[in-house]
């Protein structure tokens, strides 16, 4: 696919399950989780935004533009996507979470191929029968629709997806790549596993 793609790492949550600590900045094997994500994700896109709502100066040190949610109250991943869509100049925007350090190296290429082939508005990764909604690629022109959904109080990502032409892309060959780290216990398990 020839269209340029803006990548967004979603790090805008409060990290409640991580004990109130910003997940993207928690260290895994000697470096912050967001650094692991950047190493895999940045080569797949033309530019990167980091969506964060706290520790902005720390995230800025990673060398990419840091953007905050346009709506307050830690409204979830859709608020981060809305902010990215409003600031992106490319026709396509890809999102990944900050707590999945082993995401597939071909994630964006596979999502883009499916989006193009099906002329969908949004492509989302799936393993087995489990979609992974924060691993997505969408067209920037869905922004007005998303803004309207959020303005109406919508917050659930799957409820918004249900209103779009969505293609789910199987990643059964890389199921482990979608492991995310939400709690101190999960972080410890990953520290010990390799």
TODO: Scan the stretch 31-45 and report the pairs whose first residue is within 10 Å of residue 96 (Cβ to Cβ) and whose second residue is surrounded by fewer than 17 Cβ atoms within 10 Å (Cβ to Cβ), with Cβ atoms within less than 6 Å and a gap of 6+ or a chain change.
DONE: 40/105
Open item on the list: With the requirement that a residue be in contact with a helix residue (DSSP H, G or I) (Cβ under 8 Å, 6 or more places away or on another chain) and either closer than 22 Å to residue 37 by Cβ or in a helix (DSSP H, G or I) (or both), what does the stretch 160-176 give you?
Closed with: 160, 169, 171
Open item on the list: Whether any residue in the stretch 118-132 is touching a residue at least 60 places away in the same chain (Cβ under 8 Å) and either outside any helix (DSSP H, G or I) or buried (at least 18 other Cβ atoms within 10 Å of the Cβ) (or both) is what I want to check.
Closed with: no
Open item on the list: Just to check your reading of the model, which residue among 115, 111, 143 is under 15 Å from residue 93 (Cα atoms), touching a helix residue (DSSP H, G or I) at 6+ places or on another chain (Cβ under 8 Å) and at pLDDT 95 or above?
Closed with: 143
Task: Breaking point among (1) surrounded by 18 or more Cβ atoms within 10 Å (Cβ to Cβ); (2) out of contact with any strand residue (DSSP E or B) (no Cβ under 9 Å at 6 or more places or on another chain); (3) assigned to a loop (DSSP other than H, G, I, E, B), for residue 82 - done: (3)
TODO: For residues that are surrounded by fewer than 16 Cβ atoms within 10 Å (Cβ to Cβ) and touching a residue at least 12 places away in the same chain (Cβ under 8 Å), tally how many sit in the stretch 165-178.
DONE: 5
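The values are calculated or read from the model by the stated rules, or taken from the named source; none is laboratory data. Quantities reported herein were computed from a predicted structural model and do not represent experimental measurements. Using ideal geometry, Cβ is built from the backbone for each residue, glycine included, and neighbour counts are taken over all protein chains shown.
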